[in-house]
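Visitor: Shown below is the structure under consideration.
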Amino acid sequence: MNAPVSTSNLHDCRDAFAATLERLAAADAKVVAVCNDSVGSSKLGDFKAKFPERLVNVGIAEQNLVGIGAGLANGGRLPFVCGASCFLTGRALEQIKADISYSNANVKLVGISSGMAYGELGPTHHSIEDFAWTRVLPNLPVIAPCDRIETAAAVEWAASYAGPCFLRLSRVGVPDLLPEDHEFVLGRANVLRQGSDVTLIANGTLTHRTVKAAEILASRGIEARVLNMATVRPIDEEAIVAAARETGAIVTAEEHSIFGGLGSAVAEVVVDNAPVPMKRLGVPGIYAPTGSAEFLLDEFGMAPSAIADAAASLIMRK
C-alpha cells in the first residue's frame, strides 16, 4: 500500500478511544472508567453523561487510581484506567508493577497525551520514558496505535483480552493510515509500504511521518519499507528479522527517549538474530525543552525530511 498519505484530515486518537469505550460500555455493564481528575483530557465527558455510575474520578492521586482499578477488576468489573501518561506511569509505577503486572489484574491502563503532546507545559509533563518503564514488566502488553482506526481496534482488543495492558495514546492529530476494517492483532506489525533498500519502523504519532519520509526517499530512487510497530511488547520479531535480512538497514523513530523504547526493543531483536546497521531516532537522553509537540519532533530530527536523510545516510553503511 504505497499510496501517498493525506494530512488534510487529522484525527485525535482520544476521540476514537472514547467513542469505542462508550460503545463497549453500552454492550457490557462490567465496563467502567477510572480517571485522575482527567475527564476532559481523557475525553470521558460523554461517558460520564451516559454512565455516571460507572465513572470513578479519584482526583489527582495516581497511585490510588491504579489500586482502585485493580480492586474493581478483582470485583469482576472491566476497568479502563485513564490519565496523563507521564503521571499514570511515573507516579504509579510501583502500583502498576505490584497490583497490575505481578497480580495479572484485568486492568486496561490508558496513558493519555503521551510523548511530548503536552509540549508547552515542559519536561514535567512530557512522557518520554513510559515505553521503558512499562515494557520491562511481565504480563503487560504495551501498545501505541498509529491512528484513530487502530486506536478503536486496539481498545476493542483490550476489552476482550483476559489480562492487563497499557495503551499509549497521544492528543496530537494524525491522519488515517489503516483501512476502516483493520483488526488489531497483538504482536503483529503492519507493512504500510514495501521496500528493499532500508526499513523505517515507528508507531504512534511518528508512523505517518515515516510514511512521508518513505515518499521522499522514493523520489530519490530509494525504496523504503515502512512498518507500523504498534505493539512494543510483545514485539513482532519475525517482521524485524525479515526487515533486517531483506533490506539490510533499519531506522526507528519514536516520540520517546532513544533509551529503553521502541528503538531499543528493535535493536535487541536485531543484535540477537540479524545484525545490520541501525539508527534510532527519538529524544537523545535529555529533558526535552518547552515547545509544541510538532516543534520538538522536528527539533530532534524527526521531521519527514530528517528521517529520510537519516535513512539515506544509513544505507551508505550497508
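The values are calculated or read from the model by the stated rules, or taken from the named source; none is laboratory data. As the structure is a prediction and not an experimental result, all values here were calculated from the model. With ideal geometry, Cβ positions are generated from the backbone for all residues, glycine too; neighbour counts draw on all protein chains shown. What goes into the accessible areas is simple: the full protein's heavy atoms, side chains included, and nothing from ligands, DNA or RNA. Shrake-Rupley method; radii C 1.70, N 1.55, O 1.52, S 1.80 Å.
Visitor: How do the peptides 166-172, 124-130, 218-224 rank, highest first, by the average count of neighbouring beta carbon atoms within 10 Å per residue?
Guide: Working: 166-172: 26.0, 124-130: 22.3, 218-224: 14.9.
The packing order, highest mean first, is 166-172, 124-130, 218-224.
Visitor: Let me ask you something else. Output needed: percent of Cα pairs per 10 Å distance bin for the stretch 78-167, bins running from 0 to the one holding the longest distance.
Guide: 18, 51, 28, 3
Visitor: Checking the a/c ratio against 1.5 first, then a/b against b/c, what shape does the Cα gyration tensor give for the stretch 170-251?
Guide: Since a/c reaches 1.5 but b/c is at least a/b, the shape of the stretch 170-251 is classed as oblate.
Visitor: Moving on. Which FRET efficiency value, to the nearest 0.05, do you get for ARG220 and GLU53 by plugging their Cβ-Cβ distance into 1/(1 + (r/R0)^6) with R0 = 45 Å?
Guide: Once the sixth-power term is evaluated, E becomes 0.20.
Visitor: Through the Karplus equation 6.51 cos²θ - 1.76 cosθ + 1.60, θ set to phi - 60°, convert the phi angles of the stretch 80-85 into ³J(HN,Hα) values in whole Hz; use x for Gly and Pro.
Guide: Those phi angles translate into 9, 9, 10, x, 3, 4 Hz.
Visitor: Please report the relative contact order for the chain, taking Cα pairs under 8 Å with a sequence separation of at least 6, and give it as a percent rounded to a whole number.
Guide: Averaging sequence separation for qualifying contacts and normalising by length gives 18 percent for the chain.
Visitor: Keeping all protein chains in position, work out how much accessible area LYS279 exposes to a 1.4 Å probe, and write it in Å² to the nearest 10.
Guide: Surface open to solvent at LYS279 totals about 90 Å².
Visitor: While we're looking at this one, here's another question. What does a probe at SER196 reach in the stretch 234-264, counting residues whose amide N is under 20 Å from the point 7 Å along Cα→Cβ?
Guide: 239-251
Visitor: Could I ask something else about it? Assign unit charges at the C-beta atoms only (+1 for Lys and Arg, -1 for Asp and Glu), then state the dipole size of the chain relative to its Cα centre in Debye, rounded to the nearest 20.
Guide: It works out to roughly 260 debye.
Visitor: Can I ask one more? Okay, helix-only estimate at 222 nm for the chain: each DSSP H run of n ≥ 4 adds -39500 (n - 2.57), divide by all residues, round to 500 deg cm²/dmol; what do you get? Walk me through the numbers before you get to the answer.
Guide: Working: 11 runs with 115 residues, N = 318.
Roughly -11000 deg cm²/dmol at 222 nm, from the helical runs in the chain.
Visitor: So, one more: Starting from the Cα gyration tensor of the stretch 190-316, take the square roots of the eigenvalues, sort them a ≥ b ≥ c, and report rounded, prolate or oblate (rounded when a/c is under 1.5, otherwise prolate if a/b is larger than b/c, else oblate).
Guide: Oblate shape, in that a/c is at least 1.5 and b/c is the bigger or equal ratio.
Visitor: What list of ³J(HN,Hα) values in whole Hz, one per residue of the stretch 163-175 in order, does the Karplus curve 6.51 cos²θ - 1.76 cosθ + 1.60 (θ = phi - 60°) give from phi, with Gly and Pro shown as x?
Guide: Ordered by residue, 3J(HN,Hα) equals x, x, 7, 10, 9, 10, 10, 9, 10, 7, x, 9, x Hz.
Visitor: Would you count, across the chain, every pair of lysines whose alpha carbons are under 17 angstrom apart, provided the pair is eight or more residues apart or spans two chains?
Guide: 6
Visitor: Rank PHE17, ALA73, LEU109 by how far each Cα sits towards the positive end of the charge dipole of the stretch 11-174 (+1 on Lys, Arg Cβ; -1 on Asp, Glu Cβ) and give me just the farthest.
Guide: Result: ALA73, furthest along the dipole toward the positive end.
Visitor: Please work out the Cα center distance from the stretch 37-70 to the stretch 149-178, rounded to the nearest Å.
Guide: If we compute the Cα centre of each part, the gap is 18 Å.
Visitor: Then there's this: Return the ratio Rg/(2.2 N^0.38 Å) for the chain, where Rg is computed over Cα atoms only.
Guide: For the chain, the normalised Cα radius of gyration is 0.96.
Visitor: In vacuum, with every alpha carbon of the stretch 11-174 counted as one equal point scatterer, what does the Debye formula give for log10 I(q)/I(0) at q = 0.11, 0.15, 0.20 Å⁻¹? Two decimals, please.
Guide: -0.36, -0.70, -1.37
Visitor: Now a separate question. Which far-off residues, 5 or more places away or on another chain, put their amide H under 5 Å from the one on THR199, with H placed in the peptide plane?
Guide: ARG225, ALA249, ILE250, VAL251
Visitor: Given R₀ = 41 Å, what would the calculated FRET efficiency be for ASP28 paired with GLU294, taking r from the Cβ atoms and rounding to 0.05?
Guide: Once the sixth-power term is evaluated, E becomes 0.65.
Visitor: On to the next question. Roughly what would the spin-label model give for TYR161 and SER313, points 7 Å off Cα along C-beta, in nm?
Guide: Between TYR161 and SER313, the simple spin-label model gives 3.5 nm.
Visitor: Hey, rough spin-label estimate for ILE286 and ALA303, points 7 angstrom out along Cα→Cβ, what's it come to in nanometres?
Guide: Simple spin-label model gives 1.8 nm for this pair.
Visitor: Related question: Apply the Karplus curve 6.51 cos²θ - 1.76 cosθ + 1.60, θ = phi - 60°, to the phi angles in the stretch 21-27 and return the couplings in whole Hz, x for Gly and Pro.
Guide: 4, 5, 5, 5, 5, 5, 8
Visitor: How do MET116, MET316 stack up against each other in accessible area, from largest to smallest, with a 1.4 angstrom probe?
Guide: The ordering from most to least exposed comes out as MET316, MET116.
Visitor: In addition: Where does the charge balance sit around LEU10 when Lys and Arg score +1, Asp and Glu -1, over other residues with C-beta under 12 Å from its C-beta? Working shown, then result.
Guide: Details: positive: ARG148, ARG171; negative: ASP12, ASP15, ASP147, ASP176, GLU294.
Net local charge, LEU10 excluded: -3.
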